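So the structure is just underneath, and the comments pick up after that.
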Amino acid sequence: MPAASILIKPASSNCNINCKYCFYKCLSSRREEYTKGFMQEDTLEALVINAINYADGFLSFAFQGGEPLLAGIGFFQKAVMLQKKYNTKGLHIENTIQTNGILINKEWAEFLSENNFLVGLSLDGPKKIHNQYRKTTTNENTFEDVMHAASLLKQYHVDFNILSVITNETARKASYLYKFYKKQAFNFIQFIPCLDEAGRDNQSPGGFAVNPEEYGRFLCEFFDLWYEDFKAGADMDIRFFSNLAQMAAGYPAEQCGMNGYCQCYFAVEGDGSVYPCDFYCTDKWKLGNVTDGFNNLAASDKAVLFTKYSGCNLPECKECPYFNLCRGGCRRWRESFTDGMPGLNSLCKAYRMFFGYASERIYKLGRLIKEPGYRLD
């Protein structure tokens, strides 16, 4: 049995804000049921029992949405209680949660701190950038609420990182964004390039997807700023750069989508339905239910098919000088498929630009990991 990571959507696609570029809202609208409802206690209990039975050594529960905090603090208290009750195998269990932060108050911050949750806080940057796309359902701005959440997380010593969706608007302001993170002492940052979920399946494009050239320039500029500060001893951690350094050192990336193939990490919807990935929580890719057991779900025909046809075998990729760092990228970015096989990453131009510009320094970061005493010049 493997170490396991289970992604859970306790509030399904329900959310208290209305982000213009939200991929999950768009994806859910194509299902027979837009929302799978709020997860009930019997479903949660079955999930915890079967996840513990499946995992070996390490088990991660990653709560996402929609907005997972809508499930209520009692749901998460119950989740922690069930984990302790059924963890007779002595697994190391980790809980993470990705939230827009709107509902975080002192009670939530205290709970997250006491139970060692790692929090991902969605914040796209300074006020003007963040408020452009991340509005409430009544079209109100959310920046001040998210910043208040960040201050509470700091006050209660909750480990958290900032997750920023990179649109064309953001991509043109790398320096502005970097200075904002630095000023706010946000030391753990994750980028997600905005994808065009609305344009999937040949539907009308939503217009929010980041342009490859813009994203490439963004990565180059941001890396320059970060690398110089890193050499000077600054401790800002950029998840994408850290994973590239690990890969340059010969280790696998921990970030999903960077190793060049998919693993069926299981995404569980509010009604207990299980899918191979949250990009694929669609009727077509439903594997079954948590009550089926994760060993059985992993061995299902759909799960095997999903992982089998996720690797990158394109000649132009295998011959690329940067393939060792790129690996072809996330399956979602390599649609549409031809003869069942994924195509070229739609951000290929961005990564070629970035690796051509920064790969020498990335491999130096890899040496820093492998060789004690190595110094960056």
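Only bridges whose two residues both fall in the chain count here: according to DSSP, what percent of them are antiparallel, nearest 5? Don't jump to the answer; show the numbers that get you there.
Numbers: 7 of 35 bridges.
Counting only bridges with both partners in the chain, antiparallel ones make up about 20 percent.
Given H placed on each backbone N at 1.01 Å, which residues far from G260 in sequence or on other chains put an amide H within less than 5 Å of it?
Distant-sequence amide H within range of G260: G329.
Using the alpha carbons of the chain, what is the convex hull volume per residue in cubic angstrom, as a whole number? The partial results should precede the final answer.
Numbers: hull volume 54.5 nm³, N = 377.
Spread over its residues, the Cα hull of the chain gives 145 Å³ apiece.
Grab the DSSP H runs of the chain that are 4 residues or longer, score each as -39,500 (n - 2.57), total them, divide by all residues and round the 222 nm result to the nearest 500 deg cm²/dmol.
Calculated mean residue ellipticity at 222 nm is -12000 deg cm²/dmol.
Could you list, in their original order, any pairs among K231/K349; K36/K106; K127/K183 whose Cα atoms are separated by more than 18 Å?
Correct reply: K231/K349; K36/K106.
Lys and Arg at +1, Asp and Glu at -1: add these up for the other residues within a Cβ distance under 14 Å of G272 and post the number.
Working: positive: K9, K36, K286; negative: E33, E41, D42, E45, E269, D271, D292.
Once all neighbours under 14 Å are counted, the net charge is -4.
Among residues other than R375 whose Cβ falls under 10 Å from its Cβ, what is the net charge (Lys/Arg +1, Asp/Glu -1)?
Working: positive: K231, K364, R367; negative: E371, D377.
Residues near R375 contribute +1 overall.
Report Rg(Cα)/(2.2 N^0.38 Å) for region 266-377, keeping two decimals.
Values: Rg = 18.6 Å, N = 112, 2.2 N^0.38 = 13.2 Å.
Here the Cα radius of gyration is 1.41 times the empirical estimate.
Of Y215, F294, T136, which is farthest on the positive side of the dipole of the chain, counting Cα position, with +1 on Lys and Arg Cβ, -1 on Asp and Glu Cβ, and the Cα centre as origin?
The residue sitting farthest along the positive end of the dipole is Y215.
Can you give the relative contact order of region 18-166 as a percent, counting alpha carbon pairs under 8 Å and 6+ residues apart?
Values: 185 pairs, mean separation 37.6, N = 149.
After rounding, I find 25 percent.
Could you check the simple spin-label distance between L305 and E32, using points 7 Å along Cα→Cβ, in nm with one decimal?
Between L305 and E32, the label points sit 1.6 nm apart.
Do you know the relative contact order of the chain, to the nearest whole percent, from alpha carbon pairs under 8 angstrom that are 6+ apart? Working shown, then result.
Working: 674 pairs, mean separation 66.2, N = 377.
Dividing the mean separation by the residue count of the chain yields 18 percent.
Whenever you get a sec, compute what percent of the accessible area on region 1-122 sits on carbon and sulfur atoms (1.4 Å probe).
On the way: 2380 of 4990 Å².
Heavy-atom surface of region 1-122 belonging to carbon and sulfur, 1.4 Å probe: 48 percent.
How big is the Cα convex hull of region 258-329 in projection, averaged over all directions, in nm²?
On the way: hull surface 20.9 nm².
Projected over every direction and averaged, the Cα hull of region 258-329 covers 5.2 nm².
What do you get for GluC sites (Glu not before Pro) in region 16-73 restricted to DSSP loop and a cutoff of at most 12 other Cβ within 10 Å of the site's Cβ?
Working: sites: E32, E33, E41, E45; in loops: E32, E33.
Within region 16-73, the qualifying GluC sites (Glu not before Pro) (loop, at most 12 other Cβ atoms within 10 Å) are E32.
Give the value in nm², to one decimal: projected area of the alpha carbon convex hull of region 217-279, averaged over all directions. Show your work: numbers first, answer last.
Values: hull surface 25.1 nm².
Mean shadow area of the hull around the Cα atoms is 6.3 nm².
For the ranges 249-259, 10-20, what's the packing order if you count other beta-carbon atoms within 10 Å of each residue, average per peptide, and put the highest first? Numbers along the way, then the final one.
Values: 249-259: 15.6, 10-20: 20.9.
Sorting 249-259, 10-20 by mean packing, highest first, produces 10-20, 249-259.
What net charge do the residues around Q190 carry, taking every other residue with its C-beta under 10 Å from that of Q190, with Lys and Arg at +1 and Asp and Glu at -1?
0
Restricting everything to alpha-carbon atoms, can you work out Rg to Rh for region 1-79 with a Kirkwood hydrodynamic radius? Don't jump to the answer; show the numbers that get you there.
Details: Rg = 13.8 Å, Rh = 13.6 Å.
Ratio of gyration radius to Kirkwood radius: 1.01.
Would you mind giving the average projected area, over all directions, of the Cα convex hull of region 39-153 in nm² with one decimal? Walk me through the numbers on the way to the answer.
Working: hull surface 31.0 nm².
Convex hull of Cα atoms, orientation-averaged projection: 7.7 nm².
Based on the inverse mean of 1/r over its pairs of different Cα atoms, what is the Kirkwood hydrodynamic radius of region 164-284, in Å? Could you put the intermediate results ahead of the total?
Numbers: mean 1/r = 0.0602 Å⁻¹.
The Cα-based Kirkwood calculation yields 16.6 Å.
On full extension of the chain, what length is gained from N168 through M147, given 0.36 nm per residue of separation minus the C-alpha to C-alpha distance?
Numbers: separation 21, 0.36 × 21 = 7.56 nm, distance 2.29 nm.
In short, 5.3 nm is gained.
Pulled fully out, how much extra length does the chain show between T338 and E360, if you take 0.36 nm times their separation in residues and subtract their Cα-Cα distance? Please report the intermediate quantities before stating the final value.
On the way: separation 22, 0.36 × 22 = 7.92 nm, distance 3.37 nm.
My answer for the length gained is 4.5 nm.
Output needed: percent of Cα pairs per 10 Å distance bin for region 102-237, bins running from 0 to the one holding the longest distance.
11, 37, 34, 16, 2
Under 5 Å between amide hydrogens, which residues at least 5 positions from G288 or on another chain qualify, with H placed 1.01 Å from N in the peptide plane?
Those lying under 5 Å, H to H, from G288 are V274.
The values are calculated or read from the model by the stated rules, or taken from the named source; none is laboratory data. None of the values given here were measured: they were computed from a predicted structure. In this analysis, Cβ positions are derived from the backbone assuming ideal geometry, glycine residues included, and neighbour counts consider all displayed protein chains. Heavy atoms of the whole protein, side chains included, go into the accessibility calculation; ligands, DNA and RNA do not. Shrake-Rupley method; radii C 1.70, N 1.55, O 1.52, S 1.80 Å.
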